[in-house]
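Novice: Sending over a structure as structure tokens; questions will come in a sec.
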Amino acid sequence: MYIPRHFEQPDVGAMQELMRAHPLATLVTQSADGLNANHVPLHLAASVAPLGALQGHVARANPILRDFAAQHEVLAVFHGPQCYISPSLYATKEETGKVVPTWNYVVVHAYGKVRVMDDAAWVRAQIEALTDQQEASYPQPWAVSDAPAEFTEKLIGGIVGFELVITGLSGKWKLSQNQPPENQASVIKGLNASGQQAASTVAMLVQAATKDDH
């Protein structure tokens, strides 16, 4: 991933927080037929040194398990908030006209090798951890134990767990850091005025990333 210096995110904690907040990862593996991509929710076990581990599960019939067995490096891509940036949002548009469209976004790439965890108890624990994390904001959180035991046991028998111990992390926070302060301020104002939740979220990120420029 190309990361100009002003877009680089060096904070491991910030990258881990994005992985928690946006757990559906694009898991890229090397298969016998070329690159393969699967979309899998992953639970971050941050306590695993030094960068954490990503734990997930796939269907027993998923060919990705053969990719894991080859022990090639695997890439997990986590996409955070993003939105289109119109040239009309830039304050300098009226002054020079020298502005073009772009996209603001945050993304994390996690690298490592995978070990398969074909163990029902491990898989259940992984599912419970991810479910508890995602259900935490609900007024009446659902738990795996709420479903009949024989039902969940049958389903667990059809899936296989895996763990990717992270050996490398890279984060790109592309949030108008390359723009002059007046354009940063007008982007924040324009995104907030759009009435779109995604745009407002990106506006907050732009404000945080460029606060030293204002």
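The values are calculated or read from the model by the stated rules, or taken from the named source; none is laboratory data. Treat the numbers as computed from the prediction; the structure is a model and nothing was measured. Cβ: placed from backbone, ideal geometry, glycine included. Neighbour counts: every protein chain shown.
Novice: Go through (1) touching a residue at least 40 places away in the same chain (Cβ under 8 Å); (2) hydroxyl-bearing (Ser, Thr, Tyr); (3) surrounded by 14 or more Cβ atoms within 10 Å (Cβ to Cβ) for Thr167 and report which single condition fails.
Specialist: Among (1) touching a residue at least 40 places away in the same chain (Cβ under 8 Å); (2) hydroxyl-bearing (Ser, Thr, Tyr); (3) surrounded by 14 or more Cβ atoms within 10 Å (Cβ to Cβ), Thr167 violates only (3).
Novice: Given the conditions (1) modelled with pLDDT under 95; (2) surrounded by 14 or more Cβ atoms within 10 Å (Cβ to Cβ); (3) more than 17 Å from the chain's Cα centre (by Cα), and given that Ala69 satisfies all but one, which numbered condition is not satisfied?
Specialist: (2)
Novice: Residue pairs, Cβ under 6 Å, 6 or more apart or interchain, first in the range 7-25 and free of Cβ contacts under 8 Å to residues at least 24 places away in the same chain and surrounded by 15 or more Cβ atoms within 10 Å (Cβ to Cβ), second assigned to a helix (DSSP H, G or I) and among the acidic types (Asp, Glu). List them.
Specialist: none
Novice: Being basic (Lys, Arg) and in a helix (DSSP H, G or I) is the filter here, so list the residues in the range 172-189 that pass it.
Specialist: Residue satisfying the conditions is Lys189 alone.
Novice: Let me ask something additional. If Ala49 meets every condition in (1) touching a residue at least 12 places away in the same chain (Cβ under 8 Å); (2) under 20 Å from the mean Cα position of the chain (by Cα); (3) farther than 22 Å from Trp173 by Cβ apart from one, which number is that one?
Specialist: Looking at each condition in turn, Ala49 falls short on (1).
Novice: Looking only at residues in the range 134-164 that are without any contact (Cβ under 8 Å) to a residue 12 or more places away in the chain and acidic (Asp, Glu), which one is surrounded by the most Cβ atoms within 10 Å (Cβ to Cβ)?
Specialist: Glu135
Novice: Follow-up. For the structure I just gave you, tell me whether Val99 is touching a helix residue (DSSP H, G or I) at 6+ places or on another chain (Cβ under 9 Å), aliphatic (A, V, I, L, M) and not in a loop (DSSP other than H, G, I, E, B).
Specialist: No.
Novice: Test of understanding: among Gln30, Gln16, which residue is farther than 15 Å from Gln126 by Cβ and in a helix (DSSP H, G or I)?
Specialist: Being farther than 15 Å from Gln126 by Cβ and in a helix (DSSP H, G or I) holds for just one of Gln30, Gln16, which is Gln16.
Novice: Only one of Ser176, Ser170 is of a type outside the set (Val, Ile, Thr) and over 28 Å from Glu73 (Cα atoms); which?
Specialist: Checking each option against the conditions leaves just Ser176.
Novice: Looking only at residues in the range 91-133 that are out of contact with any Ser or Thr (no Cβ under 6 Å at 6 or more places or on another chain), of a type in the set (Phe, Trp, Tyr) and surrounded by 13 or more Cβ atoms within 10 Å (Cβ to Cβ), which one is farthest from Ala185 (Cα to Cα)?
Specialist: This residue is Trp122.
Novice: In addition: Quick one: would you say His39 is of a type outside the set (A, V, I, L, M, F, W, C), assigned to a strand (DSSP E or B) and either surrounded by 14 or more Cβ atoms within 10 Å (Cβ to Cβ) or in contact with a Phe, Trp or Tyr (Cβ under 8 Å, 6 or more places away or on another chain) (or both)?
Specialist: It is false that His39 is of a type outside the set (A, V, I, L, M, F, W, C), assigned to a strand (DSSP E or B) and either surrounded by 14 or more Cβ atoms within 10 Å (Cβ to Cβ) or in contact with a Phe, Trp or Tyr (Cβ under 8 Å, 6 or more places away or on another chain) (or both).
Novice: Residues in the range 38-72 that are in contact with a strand residue (DSSP E or B) (Cβ under 7 Å, 6 or more places away or on another chain) and under 24 Å from Asp132 (Cα atoms): how many?
Specialist: 19
Novice: Among the residues of the range 46-72, write down those that are of a type in the set (A, V, I, L, M) and more than 13 Å from Tyr111 (Cα to Cα).
Specialist: Scanning the range 46-72 gives Ala46, Val48, Ala49, Val58, Ala59, Ala61, Ile64, Leu65, Ala69, Ala70.
Novice: Does Ala61 satisfy being within 25 Å of Glu163 (Cβ to Cβ), at pLDDT 95 or above, aliphatic (A, V, I, L, M) and over 21 Å from the mean Cα position of the chain (by Cα)?
Specialist: In short, yes.
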